[in-house]
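A short write-up of the structure that comes next.
Please treat every number below as a calculation from the coordinates, not as lab data. What you are looking at is a predicted structure, and each value in this text was computed from that prediction instead of being measured. Methodologically, a virtual Cβ is constructed for each residue, glycine included, from the backbone with ideal geometry; neighbour enumeration extends over all protein chains shown.
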Amino acid sequence: MSDGKLVGTVVDEVAFDVERGKIWEFARATFTTDPVHTDADAARAAGFDDLLATPTHVVAVGHWRDQRAFVDRLGLALERVVVGSVRWQYLRPLRAGDSLRAVRRVVGDERRAGKRGGSMRVVTLETEYVDATGTPVVRQRDVLIERGKSA
Amino acid sequence: MSQPIRARRPVRAAVGDTHPAREIGPLTQTDIVRFAGAGGDFNPLHHDPEFVRSSGFPGVISMGQLQAGILAGWLSDWLGVEHLREFEVRFVAPVFLGDVLRLSGEIVGIVAIDGPGPGPADGPDAESAVAPAAESVAEIALSVRRGDDTVVRASAKAVVASS
């Protein structure tokens with residue numbers, strides 16, 4: 001796979017709803033204690049008409065994605081891929097009842113020299129989550145690192 | 001989206017402020033499976049010891065998104081999820097079953113917001129009975145440590161009240 005060729009490619013597109021039960025489940029699984037995630041009265045007292053999602057809730061989109069297919073599509077060797085970093089930008093908080101659409105694109109694909117010689121491939125993905133009105137609500141950037149084959 | 005009626009005010013904060021550290025663990029297989037169910041990551045590296053052995057890891061490792069979610073939740077418990085503007089994590093080292101994780105963070109910068117900021121969509125609410133405190137964006141440096149090792153480094157931006 002040569003460098004940069006995939007930039008601009010849409011990796012996948014997924015639609016999903018932000019659900020109360022999933023918010024509750026995600027809050028518990030991440031040891032998050034703010035009651036705005038689990039108690040509708042607390043959410044209302046904070047000024048919202050339903051439960052607020054935790055900050056990394058969009059990760060639950062994993063349920064609707066085929067991770068193997070996307071790794072194959074990018075020509076990556078799964079056993080050598082690690083996630084280097086992830087960044088979320090929040091344009092507004094998500095709450096139960098939001099219907100989201102997520103479009104994930106390749107925004108960077110390059111080779112870099114590895115720390116111990118050889119080279120690694122660095123693929124940067126950007127996902128834009130828009131709500132039912134088409135307004136962007138969250139942007140996520142993932143940096144994937146494929147280590148070179150060991151000699 | 002309907003406008004907040006009585007929104008929580010941003011937390012008052014200054015450079016150097018911290019929040020009580022949270023300790024999680026020792027991390028169990030149940031913790032990892034619960035997160036797999038919540039987030040939908042069913043890579044066998046995180047729950048299948050046979051598969052883990054065949055792939056050369058010394059033991060089951062947690063998904064980075066678990067550490068990211070735990071740290072992000074600790075941050076939003078502190079500053080309010082609706083006030084977060086950005087959260088970025090760097091995965092420095094893998095996390096294994098039995099690890100005890102310590103979450104901490106500190107406000108390292110405060111930057112004034114230009115203009116009215118992310119208040120009501122139709123401009124500043126001049127009728128508001130209580131004048132809101134000046135809102136700024138705090139920069140927060142965060143980490144997840146296991147003993148003396150850092151396993152996650154993170155940074156974030158959140159709206160705070162600065163005066």
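The percentage of C-alpha pairs in the stretch B:1-92 whose separation is greater than 19 Å is 56%.
What percent do you get for the relative contact order of chain A when only Cα pairs under 8 Å and 6+ apart count? Answer for chain A is 29 percent.
Let's test the formula: R0 of 30 Å, r as the Cβ-Cβ distance of A:PHE70 and B:ALA93. What FRET efficiency results, to the nearest 0.05? About 0.75, to the nearest 0.05. With the convex hull drawn over the C-alpha atoms of chain A, the volume per residue is 124 Å³.
Per residue of A:61-73, other chain Cβ atoms within 10 Å of the residue Cβ number 2 on average. Note on the stretch A:54-119: dipole from Cβ charges, positive end direction compared against A:VAL61, A:LEU100, A:ALA113; the farthest Cα belongs to A:ALA113. Rounded, prolate or oblate: which fits the stretch A:66-151, taking a ≥ b ≥ c as square roots of the Cα gyration tensor eigenvalues, rounded meaning a/c under 1.5, else prolate when a/b beats b/c? Prolate shape, in that a/c is at least 1.5 and a/b is the bigger ratio. For the stretch A:88-151 versus the stretch B:24-70, the inter-centroid distance based on Cα atoms is 21 Å.
By the rule of a C-alpha distance below 30 Å, with chain neighbours fewer than 8 residues away ignored, the lysines paired with A:LYS149 are A:LYS5, A:LYS115.
Stokes-Einstein diffusion for the protein assembly as shown, with the hydrodynamic radius set to the Kirkwood value over Cα pairs and evaluated at 25 °C in a medium of 0.890 mPa s, equals 119 µm²/s.
For the protein assembly as shown, a crude dipole built from +1 on the beta carbon of Lys and Arg and -1 on the beta carbon of Asp and Glu, taken about the Cα centre, is about 1040 debye to the nearest 20.
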